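Below is one structure, written out as structure tokens; comments come after it.
Just so it is clear, none of the values below were taken in a lab; they were calculated from the coordinates. None of these values were measured; they are calculated from a predicted model. Backbone-built Cβ (ideal geometry, glycine too); neighbour counts: all protein chains shown.
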Amino acid sequence: MDKSLNTAVSDIVAGTAAGTSAGTSAGTSAGTSAGKSSQSASNASFRVTVVETPSTLLDATPQQAGTQTLLRGLAILEAAAAGVRDLRTFGAALGTTRSTTHRLVSSLVQARYLRQVQGGYLLGPKLIELGAVSLEQMPLSTVARPHLEALADATRDTIHLGVREGGDVLYIDKISGTRGLEMRSRVGHRMPLAWTGIGKALMLDLAAPAWETLWDTARRKPEQAGLQSTPYTRETFLERMTAYAGAGHTFDLEENEPGIRCVAAPVRDASGLIVAALSVASTTPYMPTERMDELVPVVQREARAISEELGWRAPQPTTRRIKR
């Protein structure tokens, strides 16, 4: 633990002890002077209406003062992330006195977990630093692997995980299906984004001009010549991409490899950007239109689960307001 965090924890613990002795009844004493101040302040305990917070941390029954202090500090950070800005509302969320709340918040500011701005408090730069380290310690393929395996068990089909490399999708993981079939994809293999279901999932947030550019790029690749089993025009591609963008998933309808179909969905990081995509692929007899439609929510569920482990949170339909 770095020096600033050690100092912050010490300050928070001291602040909690002082706040408790100053705001509770006179029966508890942490020293002569603290006991006297608690007697004078016993009738002035700070109580506000309970507010909703995004955390259940404080539901736990702490066994030690340090545990309680830690949970309170974490609850403040989660409240700040949910939009709380002022001391009064922090205190309402925690059920602490103003003096205790001030000491907790001040210690978090000192340790750079919060920063004070005009109008209140915001999350601090220390959390950005820790978040970057957390991402470095959590490689995408490692996070995704259990979800790919779950998808493979549920479908018996081939599972892919890919990332964008310029105008291509780069396959970074693959689990072969158990139906005795094999396809040409492999880890380290690259294919044009516009020609694959997983590649199109990586394109969902792009604008239509970018779709057209990537379509043209794919058409110019000589290794793609003659792969289409049915006519596939630019107009058809753009119409399908528009529909896919609205639905949040994509299909490969034999555009990449004759006889192979797949269902794909994007994976997002904490910022909401698409950083990867996963797909379920199989031959046409095992991928009729009806089954592809049934697989959509299954694939999206695992893609969302990976995204959430990377820090992504689904947009909420309504803004949650904290009651005062």
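Figures for the structure shown
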| read-out | value |
| --- | --- |
| Derived scalar couplings ³J(HN,Hα) [segment 152-168; Karplus, 6.51 cos²θ - 1.76 cosθ + 1.60; whole Hz; x for Gly, Pro] | 5, 5, 6, 10, 6, 9, 7, 10, 10, 10, x, 10, 7, 10, x, x, 10 |
| Built amide H within the under 5 Å cut-off of residue 312, gap 5+ | 270 |
| Full-extension gain in nm, residue 133 to residue 176, via 0.36 nm per residue minus C-alpha separation | 12.2 nm |
| 5 angstrom amide H check on residue 158, placed H, neighbours 5+ away | 177, 281 |
| Alpha carbon centroid spacing (whole Å) that separates segment 154-190 from segment 93-151 | 35 Å |
| Inter-probe distance in nm under a simple model that places probes 7 Å from Cα toward Cβ, at residue 273 and residue 243 | 3.1 nm |
